[in-house]
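Structure first, commentary second.
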Amino acid sequence: MSAQHNVQRPLDALGKSVNSPVLIKLKGDREFRGILKSFDLHMNLVLNDAEELKDGEITRRLGVVLIRGDNIVYISP
(Lines give C-alpha, C1' and ligand atoms only; values in the text may rest on other atoms or scores of the structure.)
Protein backbone atom coordinates (compact mmCIF):
# COMPACT_ATOMS: atom_id res chain seq x y z
CA MET A 1 0.00 0.00 0.00
CA SER A 2 1.46 3.36 -1.02
CA ALA A 3 1.58 6.44 1.19
CA GLN A 4 -0.87 8.12 -1.19
CA HIS A 5 -3.75 6.19 0.37
CA ASN A 6 -3.09 7.84 3.75
CA VAL A 7 -3.09 11.40 2.38
CA GLN A 8 -6.26 13.18 3.36
CA ARG A 9 -7.72 15.65 0.91
CA PRO A 10 -9.24 18.90 2.28
CA LEU A 11 -12.78 17.97 1.24
CA ASP A 12 -12.37 14.57 2.95
CA ALA A 13 -11.48 16.35 6.20
CA LEU A 14 -14.47 18.66 5.76
CA GLY A 15 -16.71 15.65 5.12
CA LYS A 16 -15.72 14.19 8.47
CA SER A 17 -16.85 17.45 10.13
CA VAL A 18 -20.46 17.26 8.85
CA ASN A 19 -22.92 17.41 11.77
CA SER A 20 -20.12 18.69 14.03
CA PRO A 21 -19.28 22.17 15.34
CA VAL A 22 -16.89 24.23 13.20
CA LEU A 23 -15.30 27.67 13.45
CA ILE A 24 -15.17 29.66 10.21
CA LYS A 25 -12.92 32.67 9.65
CA LEU A 26 -13.91 34.93 6.74
CA LYS A 27 -12.21 37.72 4.86
CA GLY A 28 -12.76 41.02 6.64
CA ASP A 29 -11.92 39.42 10.00
CA ARG A 30 -15.40 37.96 10.59
CA GLU A 31 -15.88 34.67 12.45
CA PHE A 32 -18.81 32.30 12.60
CA ARG A 33 -19.42 29.17 14.64
CA GLY A 34 -22.07 26.55 14.00
CA ILE A 35 -22.91 22.97 13.09
CA LEU A 36 -21.71 22.10 9.57
CA LYS A 37 -24.68 20.60 7.72
CA SER A 38 -23.37 20.45 4.15
CA PHE A 39 -20.84 21.79 1.65
CA ASP A 40 -20.05 21.60 -2.05
CA LEU A 41 -16.92 21.49 -4.21
CA HIS A 42 -16.64 25.30 -4.07
CA MET A 43 -16.57 25.02 -0.25
CA ASN A 44 -19.88 26.84 0.06
CA LEU A 45 -21.09 25.83 3.53
CA VAL A 46 -24.44 25.52 5.27
CA LEU A 47 -24.29 25.98 9.06
CA ASN A 48 -27.08 25.34 11.56
CA ASP A 49 -27.27 27.16 14.90
CA ALA A 50 -24.79 29.70 13.51
CA GLU A 51 -23.41 32.50 15.65
CA GLU A 52 -21.28 35.46 14.64
CA LEU A 53 -18.30 36.02 16.92
CA LYS A 54 -16.18 39.08 17.73
CA ASP A 55 -13.05 38.50 19.82
CA GLY A 56 -14.40 35.07 20.76
CA GLU A 57 -17.69 36.49 22.10
CA ILE A 58 -21.10 35.90 20.48
CA THR A 59 -22.42 39.08 18.84
CA ARG A 60 -25.38 37.62 16.93
CA ARG A 61 -27.29 34.33 16.79
CA LEU A 62 -28.20 33.69 13.17
CA GLY A 63 -29.69 30.20 12.91
CA VAL A 64 -29.19 28.66 9.44
CA VAL A 65 -26.64 30.41 7.21
CA LEU A 66 -25.01 29.83 3.84
CA ILE A 67 -21.37 30.91 3.65
CA ARG A 68 -19.87 31.39 0.22
CA GLY A 69 -16.63 29.46 -0.18
CA ASP A 70 -14.60 32.25 -1.78
CA ASN A 71 -14.93 34.33 1.43
CA ILE A 72 -13.45 31.65 3.70
CA VAL A 73 -9.95 32.10 5.12
CA TYR A 74 -10.06 28.92 7.23
CA ILE A 75 -12.35 26.26 8.70
CA SER A 76 -11.48 24.73 12.06
CA PRO A 77 -13.30 21.57 13.17
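The values are calculated or read from the model by the stated rules, or taken from the named source; none is laboratory data. Since the structure is predicted, the reported quantities are computational estimates derived from the model, not experimental observations. When we count neighbours, we look across all protein chains shown, and the Cβ atoms used for this are built from the backbone with ideal geometry, even at glycine. For the accessible areas, the whole protein counts, side chains as well, though only heavy atoms, and no ligand, DNA or RNA atoms are used. Shrake-Rupley method; radii C 1.70, N 1.55, O 1.52, S 1.80 Å.
Of the set (1) more than 15 Å from Ser76 (Cβ to Cβ); (2) assigned to a strand (DSSP E or B); (3) touching an Asp or Glu at 6+ places or on another chain (Cβ under 9 Å); (4) not β-branched (Val, Ile, Thr), all apply to His42 but (2). For segment 56-77, taking the residues that are of a type in the set (S, T, N, Q) and open to solvent by 50 Å² or more (accessible area, probe 1.4 Å), the one that is farthest from Val46 (Cα to Cα) is identified as Thr59.
Before we move on, is Ser38 touching a Pro at 6+ places or on another chain (Cβ under 6 Å) and either surrounded by 11 or more Cβ atoms within 10 Å (Cβ to Cβ) or touching a residue at least 40 places away in the same chain (Cβ under 8 Å) (or both)? Talk me through it step by step, then tell me what you get.
Details: touching a Pro at 6+ places or on another chain (Cβ under 6 Å): no; either surrounded by 11 or more Cβ atoms within 10 Å (Cβ to Cβ) or touching a residue at least 40 places away in the same chain (Cβ under 8 Å) (or both): yes.
Answer is no for this residue.
Residues that are in a loop (DSSP other than H, G, I, E, B), at pLDDT 95 or above and of a type in the set (A, V, I, L, M, F, W, C) within segment 1-38 comprise just one, Val18.
Say whether the condition of being open to solvent by 60 Å² or more (accessible area, probe 1.4 Å) and either small (Gly, Ala, Ser) or touching a helix residue (DSSP H, G or I) at 6+ places or on another chain (Cβ under 9 Å) (or both) is met by at least one residue in segment 15-27.
Residues of segment 15-27 open to solvent by 60 Å² or more (accessible area, probe 1.4 Å): 16, 19, 21, 27.
Going one step further and asking which of them are either small (Gly, Ala, Ser) or touching a helix residue (DSSP H, G or I) at 6+ places or on another chain (Cβ under 9 Å) (or both), we end up with 27.
Within segment 15-27 (the criterion being open to solvent by 60 Å² or more (accessible area, probe 1.4 Å) and either small (Gly, Ala, Ser) or touching a helix residue (DSSP H, G or I) at 6+ places or on another chain (Cβ under 9 Å) (or both)), the answer is yes, since at least one residue qualifies.
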